[in-house]
Amino acid sequence: MLSTIRNGIVVSLAFGFIFAAAMPANADWLEFRGSDGSGKADDSVPTTWSETENVAWRTELPGPGGSSPIVVGDRVFVTCYSGYGVDADDPGDQENLLHHVVCLDRKTGKILWDRRSRSNLPEQDYSGFMKLHGYASNTMASDGEAVYAFFGKSGVWKYSLEGEQLWAVGAGSGTHGWGSGTSLILTDDLVICNASIESESILAFSKADGSLKWRKTGIVQSWSTPVLAVTEAGDTELVVSHKGAVLGLDPQTGEELWTCAMAEDYVCPAVVADGSTVYAGSSRKRETVAIKTGGRGDVTDTHLLWSVPKTSNVPTLIVDGDRIFWFDSRGVAACLDAKTGEEIHSQRHSWMRVVYASPILVDGKLYISSCNNGTAVYKADETMEEIAKIELEGIGRINATPAVDRGGLLIRGDKAIYCIGK
């Protein structure tokens, strides 16, 4: 039975289906920064490309957006929006705002289907920071059997791989001048949604029917995507950061297991897990922390491994062995010691100017996109030496983190999505 958010219009446009058997799950890129949220891929992709070189395909999208693509078998999924806020000089009428879930053939880039839904109005006006990323900045998630999309106050939506809408549920009615930007993660039979902006809550919905399984309230000023971390004892914890604290929750019940103090400030970077350690960062107050999982109660004095007065602000960091790499929102590239937080390297790259995408690590190299000045490749070592810098005229503004697809690099901009490589 189909559930809807409100008595609005749901428009579906089918362009035909080409459905093939899914590739092995470990070859897919199922969530923001990959299937484990690490931002790392055991693959090899090109380090140079242009509009005509090393481009397997380019597909114009039906609208802009800041969400990253995900890969499920032989399909690529991405969200975008249209009808309002596309032209900064003439944003139009909110009544025309549509959200899109788009499915493409991963081999050719052909759009297989495009499902469109009306926004739950009123939305945040297209002004200020909303002009930087718009109304489709939340990356989808998949378990290989269906796909899930989050559109802020317009809720969470589930579609089959063939494009059938299976359910849609609300996540709250709140808005913010910076918009919505957290991405969904999946665990067992649950869809986990950080709805801090929409309802100051972490929500867990049933994959089967969208029913609410649990709610954790008091999540304030968080644009951070949670992560599933494994403790030394082998237990799984859901870790989320928000203003003033990092929390460890039971992913099945939402029960708070532990809390660790962090800067009293809004947070944007996703939490990153590496073994039994999690890393989280605030924004303006400039703090990054490393915390050992598995504690109970207030673990600030017992499980906080280190804290440094530095942060990537918006992009999410990469942990690779005993090194942390990040690019902050102003284009500063940094390398830190993962065990101590000590800074090893720091250099500002003026060409970046503004960076909202997060880096990914592939074959010993870091790939990072600037909003308006292309994508660059750096060595993932203490030098962070620049290998290449490429601009694509046909891609538009880039807010999305790249995805990796079996020898291909998927770079998504406001105008189009490119598959670089095979």
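Coordinate-derived values only; no laboratory data. These numbers come from a predicted model, not from an experiment. Please note: Cβ atoms are built from the backbone with ideal geometry, for glycine as well, and neighbour counts cover all protein chains shown.
Quick notes on this structure:
- Here r is the Cβ-Cβ distance between Asp250 and Asp301 and R0 is 22 Å; the resulting FRET efficiency, rounded to 0.05, is 0.50.
- Computed E for Glu95/Glu164 - FRET, C-beta separation, R0 30 angstrom, nearest 0.05: 0.70
- Where trypsin sites (Lys or Arg not before Pro) fall in DSSP loop in region 21-114, at most 14 other Cβ within 10 Å: Lys110
- Ordered by the number of other Cβ atoms lying within 10 Å of each residue's own Cβ, fewest first, Asp114, Asp322, Asp363 fall into the sequence Asp322, Asp363, Asp114.
- Among residues other than Ser201 with Cβ under 15 Å from its Cβ, the summed charge is +1 (Lys and Arg +1, Asp and Glu -1).
- Note on Ile395, Ile219: ascending count of other Cβ atoms within 10 Å places them as Ile395, Ile219, the fewest first.
- Relative contact order, whole percent, for the chain stands at 15, derived from Cα pairs under 8 Å and 6 or more residues apart.
- Shown is the FRET efficiency for Glu393 and Phe129, computed with R0 = 25 Å from the Cβ-Cβ distance and rounded to the nearest 0.05: 0.45.
- Within region 374-396, backbone nitrogen closer than 12 Å to the virtual label 7 Å beyond the Cα of Ile344 toward Cβ: 380-385
- Per-residue ellipticity at 222 nm from helix content only, as computed over the chain with -39500 (n - 2.57) for each DSSP H run of at least four residues, stands at -500 deg cm²/dmol.
- Within straight-line cross-link reach of Lys243, lysines at Cα separation under 19 Å, skipping those fewer than 8 residues along the same chain: Lys216, Lys285, Lys310
- Likely footprinting exposure, Thr139, Thr293, fewest C-beta neighbours within 10 Å first: Thr293, Thr139
- The local environment of Gln94, defined by Cβ-Cβ distances under 10 Å, has a net charge of -4 under the rule Lys, Arg +1 and Asp, Glu -1.
- Projecting label points 7 angstrom from Cα along Cα→Cβ for Glu386 and Arg353 puts them 1.5 nm apart.
- Residue pairs, from the table Lys40/Lys207; Lys339/Lys422; Lys131/Lys339; Lys213/Lys292; Lys153/Lys415; Lys110/Lys379, whose Cα atoms sit over 29 Å apart: Lys339/Lys422; Lys131/Lys339; Lys110/Lys379
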